[in-house]
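The values are calculated or read from the model by the stated rules, or taken from the named source; none is laboratory data. Everything numeric here is computed off the predicted structure, so don't read it as measured data. Note that each Cβ is placed from the backbone with ideal geometry, even for glycine, and that neighbours are counted across all protein chains shown. Note: accessible area is taken over every heavy atom of the protein model, side chains too, but ligands, DNA and RNA are not part of it. Shrake-Rupley method; radii C 1.70, N 1.55, O 1.52, S 1.80 Å.
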Amino acid sequence: RLDEPLRVAIAGRLKAGKSTLVNALIGRRVAPTEVGECTRVVTQFRYGTADRVDVVRRDGTRVSLPLDATGVIPQRLGVPRAQVAFVDVTLTSDRLREMTVIDTPGLSSTSAGVSESARQFLFAGQAGAPGGGGGPVVDDTAPFDAGIDGDSVGAVSGAEAIVYVFTQAVRDDDVRALEAFRSVSARLSSSPINSVGLFNKVDKLVAGGADPWPVAAPLSADQTRVLRRVVSDVVPTVGLLAETTEAGRLTAADCEALRTLAGLPVAQRAVLLASVDLFVSREAPVPRRQRERLLALLDLYGVGFAVAQLQASPQLASGDLVRALYAASGFARLRHTLDEAFRWRTDAIKAGWALSCLEKVASHTAHPGDRELLRDAVERLLHQPEYHRLRLLEVAQQVTTGAVELPEPMERELTRLALSADPRWVLELPSASAQELSAAAVEAATRWRVFAVAGASPTQSRVALVAHRGFHLLSQQARAVSR
């Protein structure tokens, strides 16, 4: 279990763009984005030495399917929907070596069965997946379908991170879904610290392919405030651009077609880009079928952005154009969160999970010598400075979920301390020297100590003392770098 990749659950309402996001994360267009049988079940994407699709029945048996001619999971699974527990997809994509991606059906689907299928995965609670072929340990209070087998539960539960995808405004059921995910799990992964909201399709906020980012940025800030108790951040993105660029779908012929459009007179180009209907129906030197393909890959905003780039730099290479489109998608911010922040926290979460397992084993061991041996070993680990990272995550979880109230500046400071080991980022001193960082960390430790002993409630005091030690350790780290 400690060696497994980061497990990322992709959740949200139907047609929020979850499968498009999955393809962008994997770097291949393998998850179908049109509604079909396979979009109505939980699908797990993990690394393997060969591409393979297995439909896992509720009785644990598997039916293998080939990918279709375009490399996408076939729309028809060949197994009655009622018998399907989940779809297990192994791919040779290097992106999956360190991350397993779980695509879930829409939580607000019009089909109660589809929504329930997603809930059974998302709200799987305490399920774990120990190595060595053992079955998962399942919390009987978690709302599993009575017919789902233990292997299926182990395969689709226990995600260390959740990406919740929504479009336009957040609804009450979005907040309830995220709160339910947290409430049924005792793991740190259910904390807002390891949940991120993805504000998808922000290009639809404006008409005619105009630049959406002046609108998307303040809206995302508003949504972050609304969801601050259930997600750590809200990331705006244009999912279609992310999928097209990350999956390598834009060909040289596509780039040449865009270059041709960029060379049109200003008035003709403006009319073409005024609406989707005009873009495909007007006469143009690029064939209609090619324009329809460009819309399917980039939509009107992406086409307009690419044309503007090529107009400004007519000799722009195709690779540079793809990189510019990727930057315009906003996806890099989500990728960084998953690659840097979530993965680091996952290691800490798994370490805490393993220690709690050892403590449980010790409490149930009949032989006194074995019991003391385990407890002594765990106690030694708990006193190591590295373990304090877990203490910080635990108290940050209490604060970010609202269980312990702190002044907002202190909450933000504690969250930064829990989420990173980089003194410059934690202390918000990007250009400071090692000596300045050490002094600032000592000053922060003193502030938290004063708060703990003067005016804090008992629960606030416990949190403040953990932060106090965390900043002292950060100061030591900064001094060690300067030597």
- Note on the structure: Descending packing, highest mean Cβ count within 10 Å first, for 311-324, 236-249 is 236-249, 311-324
- Please give, to one decimal in nm, the separation of the simple spin-label points placed at THR365 and SER461, each 7 Å out from Cα toward the Cβ. 3.5
- Task: Just subtract the alpha-carbon distance of LEU355 and ALA221 from 0.36 nm times their residue separation and send over the number in nm, one decimal.
- Result: 44.5 nm
- Task: Provide the solvent-accessible area of ARG1, counting protein heavy atoms only and rolling a 1.4 Å probe, rounded to the nearest 10 Å².
- Result: 40
- Using the per-residue mean of other Cβ atoms lying within 10 Å as a proxy for protection, in what order, highest first, do the peptides 199-207, 422-430, 61-69 fall? 199-207, 422-430, 61-69
- Item | Pairwise FRET efficiency - ARG76 versus GLN476, Cβ, R0 = 60 Å, nearest 0.05 | 0.50
- Item | 21 Å Cα-Cα reach of LYS350 towards lysines, excluding residues that sit fewer than 8 places from it in its own chain | LYS360
- Query: What is the Cα centroid distance between segment 261-337 and segment 405-438, reported in whole angstrom?
  - Reply: 41
